[in-house]
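Working notes for the structure below.
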2 protein chains.
Amino acid sequence: MSAESGTVGRGEPGLVGPGEPGTVRPGEPGTVHPGEPGTLRPGEPGTVRPGGRTARVRAAVLRAAGDVLAEEGFAHLDLADVARRAEVGKTTVYRRWGSVTGLVADLLSDMAEQSSPRTETGSVRGDLRANAALVRRTLADPRQGALFRAVIAAATCDVRTAEALRRFYDVRVSEWVPCVEEGVARGELPVGTDAAVVVRAVSAPLYYSLLTVGVVPDEGAAVRAAEGAFAAAVAGVYVVGE
Amino acid sequence: MSAESGTVGRGEPGLVGPGEPGTVRPGEPGTVHPGEPGTLRPGEPGTVRPGGRTARVRAAVLRAAGDVLAEEGFAHLDLADVARRAEVGKTTVYRRWGSVTGLVADLLSDMAEQSSPRTETGSVRGDLRANAALVRRTLADPRQGALFRAVIAAATCDVRTAEALRRFYDVRVSEWVPCVEEGVARGELPVGTDAAVVVRAVSAPLYYSLLTVGVVPDEGAAVRAAEGAFAAAVAGVYVVGE
């Protein structure tokens with residue numbers, strides 16, 4: 001199945017905030033992570049999170065937590081270790097996040113907050129292709145792909161992580177739902193099409209490939225994912241009640 | 001998203017061999033598991049695995065391993081515990097399977113061997129719907145759904161489990177590929193359609209729902225999965241080279 005053999009994208013922004021993928025090198029300054037869109041220079045105008053100490057601590061802790069998840073998986077996440085990596089006092093981390101699941105839930109909240117805004121290409125087909133390309137780049141990014149796999153694995157055995165993950169996808173899907181709704185309004189898709197189901201149908205084959213057979217989806221797979229969801233939607237498969 | 005709220009199917013056979021799902025009650029005689037299609041009565045004509053002691057030991061050990069995975073997840077799988085549950089000598093288990101990953105690999109081999117044969121309804125659309133219904137019932141089955149989630153989670157952090165899981169899906173997909181090939185031969189789908197991609201497209205939304213948002217797909221989701229893959233295939237989305 002050559003069409004499913006993966007190439008790893010780099011140098012492109014992913015699903016979660018701006019970032020430069022690249023191989024994860026722990027502790028290296030200048031690498032970009034969720035929770036810290038660019039090297040953090042407090043107070044400098046134009047940075048996304050100029051905030052005070054509280055915001056800086058959160059950014060550092062979430063970055064460290066993401067590093068551990070991407071490099072070692074959920075089973076190795078430990079609050080004391082995260083505090084050490086983040087160069088933040090252990091008691092601060094325990095007081096603010098309380099537990100590993102609390103920390104992962106906050107990381108997923110942060111990822112949801114930074115979820116890329118929808119693309120507007122003028123057609124639902126173009127928008128769905130942009131969405132598929134974005135999901136693919138995220139899953140192909142070494143750090144973010146590993147992070148998603150770790151969190152999804154953790155969600156299979158931890159209820160709070162599962163809830164946080166579900167909220168993340170709800171936010172992400174609702175961000176892209178207007179693409180489909182506007183496509184329906186423009187007459188490109190049948191009236192009654194369930195927009196959220198269409199958005200999820202675009203992501204499904206890309207996640208399926210990564211999670212079940214461990215193959216990073218390539219650009220061809222992203223195009224097929226978008227075109228497949230579009231063709232099914234045009235055929236009325238996602239019309240509610242049918 | 002009412003269409004994605006899950007009901008848990010019961011009393012129906014799943015993807016992996018014949019079985020009666022039901023709530024998992026460890027150690028209860030008469031529950032049916034992968035590796036043991038029916039209560040095992042050695043030598044009795046008509047049983048699928050009449051084999052000798054070696055086959056009985058394998059069946060008991062794989063059943064116990066599946067129980068642990070379904071109930072407690074991969075992290076709690078321990079060879080000594082499996083041996084105790086299976087009422088098999090610990091040295092036998094260590095000698096034959098060597099490690100936890102070796103045991104999971106053999107469990108997945110056994111699941112692949114017992115993968116349900118394809119359905120023949122006379123149309124590719126009917127066959128894809130049967131396939132979707134089968135996948136959905138498997139994921140909705142309390143024991144098998146939990147087993148798949150545990151193995152998929154384990155595959156994210158263990159290379160040997162990932163390889164075994166990939167082989168399992170290769171076997172399963174190749175079992176169903178002829179449905180699509182015959183549909184192409186009958187003129188129901190375009191010449192050049194990549195059959196394996198169509199089969200994977202049927203499974204993708206069902207696994208995606210379970211793994212990312214933790215929602216067990218319902219019967220409506222299975223119909224949409226099959227109809228979506230069929231509509232996309234008819235539109236030529238899965239034609240190789242396009």
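The values are calculated or read from the model by the stated rules, or taken from the named source; none is laboratory data. Because the structure is predicted, anything quoted here is derived from the model rather than measured. Virtual Cβ from ideal backbone geometry, glycine too; neighbours counted across all protein chains shown. Calculation scope for accessible area: heavy atoms of the full protein, side chains included, ligands and nucleic acids excluded. Shrake-Rupley method; radii C 1.70, N 1.55, O 1.52, S 1.80 Å.
For the range A:133-164, the set of residues classified as over 17 Å from A:Val68 (Cβ atoms) and either part of a helix (DSSP H, G or I) or among the aromatic types (Phe, Trp, Tyr) (or both) consists of A:Ala133, A:Leu134, A:Val135, A:Arg136, A:Arg137, A:Thr138, A:Leu139, A:Ala140, A:Val159, A:Arg160, A:Ala162, A:Glu163, listed by residue number. The residue list A:Ser109, A:Ser123, A:Ser99, A:Ser116 contains one member that is over 25 Å from A:Val177 (Cβ atoms), out of contact with any Lys or Arg (no Cβ under 7 Å at 6 or more places or on another chain) and of a type in the set (S, T, N, Q), which is A:Ser99.
Evaluating A:Glu71 against the criteria (1) touching a residue at least 24 places away in the same chain (Cβ under 8 Å); (2) assigned by TED's automatic domain parsing to the domain that holds A:Ala226; (3) of a type outside the set (A, V, I, L, M) leaves one unmet condition, (2).
In contact with a strand residue (DSSP E or B) (Cβ under 8 Å, 6 or more places away or on another chain), within 8 Å of another protein chain (Cβ to nearest Cβ) and either at pLDDT below 95 or over 27 Å from B:Val239 (Cβ atoms) (or both): does that describe A:Val213? Criteria not met by A:Val213.
Within the range A:211-242, the set of residues being part of a helix (DSSP H, G or I), more than 21 Å from the chain's Cα centre (by Cα) and not charged (D, E, K, R) comprises A:Gly228, A:Phe230, A:Ala231, A:Ala232, A:Ala233, A:Val234. Applying a threshold of 7 Å to beta carbon distances and a minimum spacing of six or more residues, or different chains, the list of pairs starting in the range B:158-185 at a residue that is in the same structural domain as B:Ala229 (by TED's automatic domain parsing) and ending at one that is of a type in the set (Asp, Glu) and assigned to a helix (DSSP H, G or I) reads B:Cys179/B:Asp127. Scanning the range A:109-157 for residues that are at the interface with another protein chain (Cβ under 10 Å from one of its Cβ atoms) and open to solvent by 20 Å² or more (accessible area, probe 1.4 Å), we see that the one that is farthest from the chain's Cα centre (by Cα) is A:Cys157. Taken over the range A:207-242, the criterion of being without any contact (Cβ under 8 Å) to a residue 40 or more places away in the chain and of a type in the set (A, V, I, L, M) is satisfied by A:Ala231, A:Ala232, A:Ala235, A:Val237. The residues of the range A:65-85 that are of a type outside the set (Asp, Glu) and either within 14 Å of chain B (Cβ to nearest Cβ) or within 22 Å of the chain's Cα centre (by Cα) (or both), listed by number, are A:Ala65, A:Gly66, A:Val68, A:Leu69, A:Ala70, A:Gly73, A:Phe74, A:Ala75, A:His76, A:Leu77, A:Val82. Looking only at the range B:173-200, count every residue that is assigned to a helix (DSSP H, G or I), of a type in the set (Gly, Ala, Ser) and open to solvent by 20 Å² or more (accessible area, probe 1.4 Å) and tell me the total. Result for the range B:173-200: 2.
Residue count for the range A:51-76 under the criterion of being open to solvent by 10 Å² or more (accessible area, probe 1.4 Å) and touching a Leu at 6+ places or on another chain (Cβ under 6 Å): the result is 1. In the range A:107-125, the residues that are among the small types (Gly, Ala, Ser) form Cβ pairs under 7 Å with partners that are surrounded by fewer than 20 Cβ atoms within 10 Å (Cβ to Cβ), at six or more places apart or across chains, as follows: A:Ala112/A:Arg167; A:Ala112/A:Val171; A:Ser115/A:Val171; A:Ser115/A:Glu175; A:Ser123/A:Glu188. Mind listing whichever residues of the range A:201-242 are among the hydroxyl-bearing types (Ser, Thr, Tyr) and open to solvent by 20 Å² or more (accessible area, probe 1.4 Å)? Listed by number, the list holds a single entry, A:Tyr238. Checked against the criterion of being modelled with pLDDT of 95 or more and out of contact with any helix residue (DSSP H, G or I) (no Cβ under 8 Å at 6 or more places or on another chain), the range A:85-94 contains one or more residues that satisfy it.
Which members of the range A:193-210 meet the condition of being aliphatic (A, V, I, L, M) and more than 7 Å from every other protein chain (Cβ to nearest Cβ)? Answer for the range A:193-210, where residues must be aliphatic (A, V, I, L, M) and more than 7 Å from every other protein chain (Cβ to nearest Cβ): A:Ala195, A:Val198, A:Val199, A:Val202, A:Leu206, A:Leu210.
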